[in-house]
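Reading through the structure tokens given below for one structure.
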Amino acid sequence: MPMSTPRELFIHELSDAMSAEHIIHKMLPELQKEAKHPELKAAFKEHEQETRQQVKNLEQIFKQLGEKPEETVCHAAEGLKQEHDALHEEEPSAEMLEMGNIAGAAKTEHYEIATYTALQQMARDLGEGDIAKLLGENLAQEKAMSKRIEGFAKQLGKEAKAAAAAD
Ligand SMILES: [Fe+2]
Ligand SMILES: [Fe+2]
């Protein structure tokens, strides 16, 4: 059936977000493994747990709407995963892999922030206040993770600069 209502679009976009979270949830253990800094490792681990909660929030939203998620694939999240694979093809040193993963994580968090910002607006427009609140929980976690990643990017950048100066 052709999509013709904002509610149908909302269900589609929610399904897309659910797919993205599943893809990201699978990527996070690999990022943990590849992180050299223990604090970064811990941040990825915590975000894996948060991601599990984010999926639960999305499941709760579908329940409240009396709908089931569509079987759709988030092509953007798939693409972010492929970028991680492409980085590996460059045979990076452990340090460069870690820095590259941080850049990739920054892109992922920004994508998720855009996703939940749009979904929250849609929920508000549909008069779904409780759902907007649940989406806000996910959004807050993505924003916090994005900030943490920014901090790591700065720290590792400084370390790389100091290492280059010492050579
Ligand atoms: Fe997420
Ligand atoms: Fe995230």
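A short reminder: the numbers here are calculations on the coordinates, not readings from a lab. What you are looking at is a predicted structure, and each value in this text was computed from that prediction instead of being measured. We place every Cβ from the backbone using ideal geometry, glycine too, and count neighbours over all the protein chains shown.
Run the quick spin-label model on GLU78 and LYS147: label points 7 Å from Cα toward the beta carbon, then report their separation in nm to one decimal.
3.4
What would the Debye equation give as log₁₀ I(q)/I(0) for the stretch 1-111 at q = 0.16 Å⁻¹, counting only Cα atoms as equal point scatterers?
-0.76
Could you list, in their original order, any pairs among LYS63/LYS143; LYS56/LYS147; LYS33/LYS161; LYS36/LYS143; LYS41/LYS161; LYS107/LYS147 whose Cα atoms are separated by more than 20 Å?
Result: LYS63/LYS143; LYS56/LYS147; LYS33/LYS161; LYS36/LYS143; LYS41/LYS161 exceed 20 Å.
Quick check on the exposure proxy: order LEU80, LEU31 from fewest to most C-beta atoms within 10 angstrom.
Exposure proxy ranking, most exposed first: LEU80, LEU31.
Mind giving me the nanometre distance, one decimal, between the label points for LEU9 and GLU71, set 7 Å out from Cα along Cα→Cβ?
2.7
Which length gain, in nm to one decimal place, applies between MET96 and HIS22 when the Cα-Cα distance is subtracted from 0.36 nm times their residue separation?
Length difference between fully extended and current span is 24.0 nm.
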